[in-house]
Amino acid sequence: MASNMDREMILADFQAAINGVIPQENGILQSEYGGETIPGPAFNPANHPAPAPTPSASSAFRPVMPSRQIVERQPRMLDFRVEYRDRNVDVVLEDSCTVGEIKQILENELQIPMSKMLLKGWKTGDVEDSTVLKSLHLPKNNSLYVLTPDLPPPSSSSHAGALQESLNQNFMLIITHREVQREYNLNFSGSSTIQEVKRNVYDLTSIPVRHQLWEGWPTSATDDSMCLAESGLSYPCHRLTVGRRSSPAQTREQSEEQSTDVHMVSDSDGDDFEDATEFGVDDGEVFGMASSALRKSSMMPENAENEGDALLQFTAEFSSRYGDCHPVFFIGSLEAAFQEAFYVKARDRKLLAVYLHHDESVLTNVFCSQMLCAESIVSYLSQNFITWAWDLTKDANRARFLTMCNRHFGSVVAQTIRTQKTDQFPLFLIIMGKRSSNEVLNVIQGNTTVDELMMRLMAAMEIFTAQQQEDIKDEAEREARENVKREQDEAYRLSLEADRAKREAHEREMAEQFRLEQIRKEQEEEREAIRLSLEQALPPEPKEENAEPVSKLRIRTPSGEFLERRFLASNKLQIVFDFVASKGFPWDEFKLLSTFPRRDITQLDPNKSLLEVKLFPQETLFLEAKE
C-alpha cells in the first residue's frame, strides 16, 4: 500500500511539473510522439496534495503549480508536417519563430533554395517570411505544402518511373586520382554499374580494381553490381576520389577491418590476377596480359595492301568491342575520303574527321565506349562529317599513315602526330578542304568529355559553315559566269554555223551558176558548131537571074528582124530549115509559119521541094518559139 502511495505521489509531482512547462488546452495533453494528442483529465492540485519532499523526488522532479502568468510567458511548441511531392518533413518550432525559419529548415532537408520555394497551406492565406508564427494564432498541429513552380517537375511520381528516368540519364563522375592529383571527367549512363566505372578507371590509372581505394561513394552503394541510377549519386555531377592501396597485405588488413565499408574497397572478379603480386608478378604486367587477352584480334592488319579491306576489318573489330552504335567509318582510301568530302558541289561538302586509334593507350577504351559511341556524337558525325579511321598501334601502319599525312596535310601536321605520346591517343583530326590545300582545323586528344568533344565539333562546324557559305556564293557566281560564257560561246557557234551555211549556200549557188554557165557555154558552142556546120553545108544562094526557077523567101525573126534568101524552087524544105538554124533558130526550138493561109511549115515533110509546098516564087514567113 505504501508503495502504491509513493508511486501516485511521484506521478502527481511529474504531472504538476509537465503542467508548469506545457499549458493545457481544454484538458488535452500534448504527446511527444508524432504530434498526436491524447485526452487526459485536467490536473487539480486539490485532488493531489503535494507530498513531503524526499531525496529522490526532489532531485528528479520539482513540483510547479500552473499559473496563467507563467503559461503566458512560456512559448508554445508548434508541429508542422510539410509535404513536397512524394516526401513529408516534420518541423517543430516555437511560436516565437518566423515563417522564414521554417523555410530555412526545409531548404536543408529538401535541398531547395528558399527563393524557389512557396510555402502554402496557411489558413490566413499567403504570409511573408518575416511573419512571426504566434501572430497567426495557429493550432498545435499544422499541415503545409511546398510548391516550386520555377523548378522542373519530375517525370513520374512513382519510384519505378523515377528509376527508369535515372537509367536514361547520364552521370558526370569527376574522379580525382589521389597519387598524381589528376582529374578525369567521365560520362556514364544510369544503367552502367559501379563495377564498369571501376574497370574504366583501371584503364585510366592502371590501378587494378581490387587495389582501388575510393572515397565519395554514397552509403547506399553497397554492391559493385549496382547500377549508378540506384546508387544514390548526385545528379548530374558527383565527385569521387580514388587511390592505390599500398600493398596486398595492407589491402587484406583493411578489408578485414572495414568489411562493412564495401564501397571503399572494391570487390573484383579477377581475384586470381590481383593476388599474383604475392607470387612476384607485377599487377600492371598481369592486367596488361589480361587486357591483351581480351582483344582477340588487332584492329587493323599490318601491311595491308588495300586500305578498304583494312578498314573493313577495323569496322568489324570496333563493332565487336564497343557495339554497333558507333560512327559510320568510310571504307576506302584517304584520297577517296577526300573526294567524297571535298570534291563535290559546295552545298554537298562535309568536314572530314580522321580517327586515329591506338590500342596501347589507357584512354582508348574510355574514349571509344563513352565518347565516340555516344548517340549524340554518332548522330552529329553522321550528319555533318565523313569519318575515316586508321590504327596506329603497329609500327608499319603508323609509318604508312605518317607518309599519307605528310603528302596530304604537310610536314607540320605529320610531325605533330609523330611526336604524340602513346597515352595522348586516340586523336581526332578535323579537316576542312580548301581550294588549294586541306586545312586541319582541330586536333582533339583522347582525354576529353562528351560535352567538350561535341563543343569542339560544333566549333569546327561553325568555321566550316561560314566557309561553305562563301564557297556556295563563289560557286554560284562562277557558274553564272560560266553560263554567260557558255551562252556567248553557243551564240558565237550558232553565228559561225549560220555564216558558214550562208557561205556554203553562196558557194553552192556560185558553183551551180558556173555549172549552168558552163552548160550554156557548151550548148552555145555546140549550137555555134552546128550552126557553122549547117551554114557551110548550105548550097550557094542562086542568083536572081538563073536558068532554074528561084524562090525568094523573107523570114521574120521574133526580134522583128528579117532574113532574106533565094532558094531554087527545086531545093528541099530541109535546106530552108538548115538556113534558119544557121541563123540561130534551130527548127526543134522554133516553128516556121506562113501568114496566109497560116501553116506550120515545120510540120511539113522536109524532103519536099519548095515548089511542092507552095513556097514559090516568093513567100513571107515568120519564126515563133515553140512552147
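The values are calculated or read from the model by the stated rules, or taken from the named source; none is laboratory data. Bear in mind the structure is a predicted one, so any value in this text is a computation, not a measurement. Every residue, glycine as well, gets a Cβ built from its backbone with ideal geometry; the counts of neighbours run over all protein chains shown. Ligands, DNA and RNA are excluded from the accessible area calculation, which covers all protein heavy atoms including side chains. Shrake-Rupley method; radii C 1.70, N 1.55, O 1.52, S 1.80 Å.
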Fully extended contour minus Cα-Cα distance, from residue 522 to residue 135, at 0.36 nm per residue: 125.1 nm
Cα-Cα over 21 Å, subset of 345/434; 350/485; 345/473; 543/591: 350/485; 543/591
Paramagnetic reach from residue 509 in the stretch 471-498 [backbone N under 20 Å; point 7 Å along Cα→Cβ]: 495-498
Prolate/oblate/rounded label for the stretch 409-486 (Cα gyration tensor, a/c 1.5): oblate
Cα centroid separation, the stretch 409-429 to the stretch 367-402 (Å): 14
Pair residue 479, residue 439: separation of 7 Å Cα→Cβ label points (nm): 2.3
Solvent exposure ordering (accessible area, 1.4 Å, most first) of 359, 600, 324: 324, 600, 359
Reach of residue 103 by Cα under 26 Å, taken over lysines that are not fewer than 8 positions away in the same chain: 116, 120, 123, 134, 140
Point-to-point label distance, residue 423-residue 235, nm (Cα→Cβ direction, 7 Å offset): 3.5
Gain upon complete extension [residue 541, residue 493; 0.36 nm per residue less C-alpha separation]: 10.2 nm
Residue 151-residue 88 FRET efficiency (beta carbon distance; Förster radius 22 Å; 0.05 resolution): 0.75
Extension reserve of the residue 530-residue 564 stretch, reckoned as 0.36 nm per residue once the Cα distance is removed: 10.2 nm
Amide proton proximity set for residue 554, modelled H, under 5 Å, gap of 5+: 619, 620, 621
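Enter the accessible area per residue of the stretch 550-625 (Å², integer; probe 1.4 Å; all protein chains in place).
Numbers: 4060 Å² over 76 residues.
Normalised by residue count, the accessible surface of the stretch 550-625 is 53 Å².
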For residue 330, distant residues with modelled amide H under 5 Å away: 387, 388, 389
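Just add up the charged neighbours of residue 626: K/R +1, D/E -1, any other residue whose Cβ is under 15 Å from the Cβ of residue 626.
On the way: positive: 591; negative: 588, 589, 600, 624, 627.
Result for the local shell: -4.
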Global form of the stretch 553-627, assessed from the alpha-carbon gyration tensor, a/c cut-off 1.5: rounded
Per-residue HN-Hα couplings for the stretch 90-104 [Karplus 6.51, -1.76, 1.60; θ = phi - 60°; Hz; x = Gly/Pro]: 9, 10, 10, 9, 6, 6, 8, 7, 9, 5, x, 5, 4, 5, 5
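Apply 1/(1 + (r/R0)^6) to the Cβ-Cβ distance of residue 500 and residue 333, taking R0 = 35 Å, and write down the FRET efficiency to the nearest 0.05.
Details: r = 49 Å, r/R0 = 1.40.
Computed FRET efficiency for residue 500 and residue 333: 0.10.
Once neighbouring chains are kept in place and the probe is 1.4 Å, which whole percent of the accessible area of the stretch 550-625 is contributed by carbon and sulfur? It would help to have the intermediate numbers written out before the result.
On the way: 2040 of 4060 Å².
Here carbon and sulfur together make up 50 percent of the probe-accessible area.
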Estimated FRET transfer efficiency (residue 111, residue 360; beta-carbon r; R0 45 Å; 0.05): 0.55
Burial ranking of peptide ranges 572-583, 130-141 (average Cβ count within 10 Å, highest at the top): 572-583, 130-141
Residue-wise HN-Hα coupling along the stretch 113-128, computed from phi with Karplus coefficients 6.51, -1.76, 1.60 (Hz; x: Gly, Pro): x, 4, 5, 9, 10, 10, 9, 10, x, 6, 6, 9, x, 5, 10, 7
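So, with a 1.4 angstrom probe, what is the percent of accessible area on the stretch 77-147 that is carbon and sulfur? Write down the numbers at each step before the final one.
Numbers: 1890 of 4080 Å².
Within the stretch 77-147, the accessible surface is 46 percent carbon and sulfur.
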